[in-house]
Amino acid sequence: MSTPVELVRVIRSGFHEGSHYGSVVVVDTDGSVLHARGPVDAPVFPRSSNKPFQAVAMLAAGAQLDGADLALSAASHSGEAIHTSRVRSMLERVSLGESDLGCPDALPMNETARNQVLAAGGAPSKIYMNCSGKHAGMLTACVEHGWDTATYLATDHPLQLSVRDQVARLAEEEPSAVGIDGCGAPLFAISLTGLARAFGRVNAAAPGTAEHAVAHAMREFPEMVGGTGREDTRLMQAHRGLLVKGGAEGVHCAALPDGRTVAVKIIDGSDRGRMPVLVAGLRMLGLESALLDELGTGVVLGGGRQVGTSELAAGVF
């Protein structure tokens with residue numbers, strides 16, 4: 001197995017202060033590898049980049065989800081009113097409430113929304129947690145299929161077994177480990193190449209399939225997938241047909257409409273390290289925009305002003 005490679009360099013005041021190591025893979029329309037750096041065949045937990053596959057399993061179980069509701073079921077939302085009001089509506093339609101959600105309490109990720117909650121005397125709540133839309137979607141699938149809702153996060157629950165099957169089918173490999181995500185849902189480890197292959201297949205799926213429905217919803221309602229100012233939302237708004245979903249611990253995926261995909265894993269889990277690599281991969285596939293120019297180089301601050309950058313290391317592409 002190859003070792004992680006330097007992907008991003010952090011430059012402060014002209015000094016090489018640090019580096020982010022990891023792996024990146026770019027796959028073609030048929031899932032074959034176009035470009036790879038680092039241990040792309042090593043297993044990783046996809047974290048929230050896994051959400052489109054979980055949403056496919058919800059639809060396969062018979063969940064009546066579409067449009068913004070389906071996009072929110074595959075989201076890491078910011079906890080803004082447009083998100084929380086829809087989560088409540090999703091739960092009400094299947095006669096459930098916030099207490100049925102299995103995700104932990106949290107405050108909104110969005111600073112304005114968080115401040116509004118606190119100013120009103122509010123406190124952390126399950127509904128504000130960035131995965132509450134996914135959990136509402138899972139509960140919807142359970143109600144409509146007749147599965148138990150109290151145990152929907154158990155690794156042997158029929159819904160979670162279906163998620164595992166969908167991951168294995170789309171990635172064309174068996175998961176090598178099972179873990180529990182930050183939101184409490186089961187998580188299945190696959191290689192970074194398998195993750196890229198699966199992600200691309202969702203975005204390139206034929207109309208009439210569950211995969212196409214999920215990708216279409218996310219692309220049509222990118223504000224539900226992330227929120228105000230979020231990178232995933234902005235990228236999908238700027239590039240029609242692009243499917244983007246980041247995850248914790250330095251995971252990020254972006255797929256073109258034809259299925260070509262970039263997948264990134266930053267070993268130290270840094271958010272700062274993801275975007276320069278993802279942008280470089282998209283440029284390799286021919287995408288260009290002012291937004292990519294903006295996101296492709298991170299800003300290093302000193303005293304409140306820019307004194308450096310976080311940028312792609314030499315030789316990555």
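Things worth noting here:
- FRET efficiency, Ala154 to Glu220 (Cβ-Cβ, R0 35 Å, nearest 0.05): 0.60
- Region 24-77 shape via C-alpha gyration tensor axes, a/c threshold 1.5: prolate
- The H on the amide N of Leu7, modeled in the peptide plane, is under 5 Å from the matching H of His20, Tyr21, Gly22, each at least 5 residues off or on a different chain.
- Rounded to the nearest whole Hz, the Karplus-based 3J(HN,Hα) values (6.51 cos²θ - 1.76 cosθ + 1.60, θ = phi - 60°) of region 182-189 follow the sequence x, 8, x, 7, x, 9, 10, 7, with x at glycine and proline.
- The accessible area of Glu220, taken with all protein chains in place and a 1.4 Å probe, comes to roughly 80 Å².
- Site pair Thr209 and Glu172 shows an inter-label distance of 1.3 nm when each label is modelled 7 Å from Cα along Cα→Cβ.
- Label separation (Val33 vs Thr297): 3.1 nm, computed from points 7 Å beyond Cα along the C-beta direction.
- Hydrodynamic radius by Kirkwood, which averages 1/r over all alpha carbon pairs of the chain, in angstrom: 19.6 Å
- Accessible area of Asp30 in the full protein assembly, 1.4 Å probe (Å², nearest 10): 100 Å²
- Inter-probe distance in nm under a simple model that places probes 7 Å from Cα toward Cβ, at Glu111 and Ser85: 2.4 nm
- Computed extension length for Ser2-Glu98: 30.0 nm, one decimal, from 0.36 nm per residue of separation with the Cα-Cα distance subtracted.
- Think of a 1.4 Å ball rolled over the protein heavy atoms: region 258-317 then has 43 Å² of accessible area per residue.
- Residues whose placed amide H lies under 5 Å from that of Val251, excluding near-sequence neighbours: Ile266
- Dividing the helix sum by the residues of the chain, where each DSSP H run of 4 or more adds -39500 (n - 2.57), gives a mean residue ellipticity at 222 nm of -11000 deg cm²/dmol.
- Within region 177-317, the proportion of C-alpha pairs whose separation exceeds 25 Å stands at 28%.
- Gained length - His16 relative to Phe317, 0.36 nm times residue gap less alpha-carbon distance: 106.4 nm
- All Cα pairs of region 102-143, percent lying beyond 17 Å: 35 percent
- The radius of gyration of the Cα set in region 258-317, together with its Dmax, comes out at 12.7, 44 angstrom.
- The chain, relative contact order in percent, only Cα pairs under 8 angstrom and at least six apart counted: 25 percent
- Longest to shortest principal axis, alpha-carbon extents of region 1-153, angstrom: 54, 44, 27
The values are calculated or read from the model by the stated rules, or taken from the named source; none is laboratory data. Being a predicted model, the structure only gives us computed values, none of them experimental. Note that we place each Cβ from the backbone using ideal geometry, even for glycine, and neighbour counts take in every protein chain shown. Accessible surface is based on the protein model in full, side chains and every heavy atom, while ligands, DNA and RNA are left aside. Shrake-Rupley method; radii C 1.70, N 1.55, O 1.52, S 1.80 Å.
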